[in-house]
Every structure is written in structure tokens, then in C-alpha cells.
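Working notes, structure below.
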Amino acid sequence: MKNISLSSSVAVACVAAAMLAACVTAAGSSVTSTLPTLTLALNGHSVTVAGPLQSGAVNVISTVSVKHTEPTLIRLNPGTPFAALRRPARRSPRTRRSQLPRPLRSDRLRHQRQQGNHQYADRLQPGNYIAVDLSSSSPNPPHAAFTISQAPHPAALPKADATISAIEFGFRGPRTLHDGELVRFENDGFLVHQIQGIGVKNAKSAKHLTALLLAGNDNEAQKVGITAPEFAGPLSPGGAQQELINERPGVYLLVCIMRTQDGREQTQLGMERTIHIIR
């Protein structure tokens, strides 16, 4: 789908980037309380990064003082200069997301948030990073460059309660998730995949939405969805995200709206799956 205009957490199609190795969304949870803390502060004009800059699992707290920012962590490929970020900067925010230059397509962690704090845990690999607000239309969007060094004893992430895997072209794992459980979303395929959720009224609506997506009828598909939780942003092969499920119980469709080399959205190749979230 080109986009699903439902909320600030909507995922935009064509994001050709790979996620960090693993992430745990744990807002308001004690899951990450024992991890080192890395802070990101965004005000629409600047980005500030503070805390221990070492590899391994860290507790990340992003503080946003304006609406509709898009805090993003990008790990650069080895040998890529920090200035590479400016290559896509003269395009619109949506185009910049979809056309990040290849040197930036290593790791990307996207959190589109309203004002306030958001807390999650993330496993950082050693390397050069950029924290950037991709919602900005400025030729030089607010960003901060920093380097993650190798920790002598990297912290580990907690064990997940359930696992959903993306493959070509579908999903594996339980069809029922529980509100409040820690779920691992991973890419077991060979292409970059995203695991986007679309909340619908009932199973009949999920079947109808699946048919629309298979047919590439994005305009009608946007009318069926109620909510759009993003369970995992673009994941490179072997990449994963973990998060505490806190969505309203109901029927959801898991989809991947990344595009293939021939321009088709992966939903047109059957990458949809109906799941239930219960208490």
C-alpha cells in the first residue's frame, strides 16, 4: 500500500532499508530497566544523543518535544562517511525514506512518535551511526552523528514469549498473540521485509482486505483498515525486532508493503496473514 492514513504510527511503503539486528519496544516496562541507557532528544531543529556509546543491548529513551517527528537510527556501512546522509536530503521526507542511498541501507530503526517520551531496548552493533529526524523537509534534516564502540561484555536482550517470522512471501508463527506478551518479529527470508499490522473489524473484513491487497487495490484497501500498528520496520535478512504487544484485542492483518525489484508491493505476492490478539 502506498500508505495507510490512520495514525502517526502509519508505515510508508518503499522504505528500502534494513533494520538493526534486534529491538525490544518496552514502553513503561521493567524489561529494560537493567540495561545501559541511550537518550535521543528531538525538537524539530536538532537531535542530541547521550549515554554510553557501546555495543550490545541498551535501553533507548527518545524524547520528542514537537509533533510528527520521525526519530531514526541509521548504521552506516563500513567506510561510508557521515556526510552520506545529505545525498537524499534534498528530497521530500517520504521520498527520502524510500530512496536512502545504498551506503545507508545497513540498519535503520524508525519510530514515528507524537510528543513525549518513548522507551525501548535495542541491540546496537559497533559502527558509525546517524540519529536523524526523517520527517523534516529541510535539505539538511536535523541529525547527530556518533560511533558505537565494541563493548568488552555486551548486554543481552530478554527472551521473547512468541516469534513471528517473515519469509518470501508470507509469515510463520502463531496466529494468536496475547496483549502484554513479548513477541519477536524476525526476517527469515532473503529480501528486506517489514511486518506491518492492520486492525480490522472482523475476520470477514480481514478476508476482504487480503483480496484487495492481492489485487493491488490500495485505494479501497485504505478504507478497510481501522488501526495500523507497526510491529517491525524494514528488516534485513536475519534481522529482528521484539516488542511488548499492547494493541487492542481483535483481528489484525500482518502485511509486508515493501516493494520487489519489479515494483510490486509484496502484498501482491501473498504476503498477508490474519492473526488475533487476545487478552
Exercise. From the phi of every residue in the range 251-260, what ³J(HN,Hα) in whole Hz does the Karplus formula 6.51 cos²θ - 1.76 cosθ + 1.60 yield, where θ is phi - 60° and glycine or proline is x?
Worked result: 9, 9, 10, 8, 9, 10, 9, 5, 9, 7
Exercise. Which order do peptides 261-267, 250-256, 148-154 fall in by mean Cβ count within 10 Å, highest first?
Worked result: 250-256, 261-267, 148-154
Seminar exercise, completed: For the range 210-216, in residue order, the Karplus 3J(HN,Hα) values (coefficients 6.51, -1.76, 1.60; θ = phi - 60°; whole Hz; Gly and Pro = x) are 4, 5, 5, 5, 4, 7, x
Exercise. What ³J(HN,Hα) values, in whole Hz, does the Karplus curve 6.51 cos²θ - 1.76 cosθ + 1.60 give for the range 175-185 when θ = phi - 60°, with x put for Gly and Pro?
Worked result: 8, 10, 10, 10, 4, x, 8, 8, 10, 9, 10
Exercise. Amide H to amide H, which residues 5 or more places from Ile257 or on other chains are under 5 Å from it, using H placed in the peptide plane?
Worked result: Gln194, Gln196
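A short reminder: the numbers here are calculations on the coordinates, not readings from a lab. This is a predicted model, so every value here is computed, not measured. Virtual Cβ from ideal backbone geometry, glycine too; neighbours counted across all protein chains shown.
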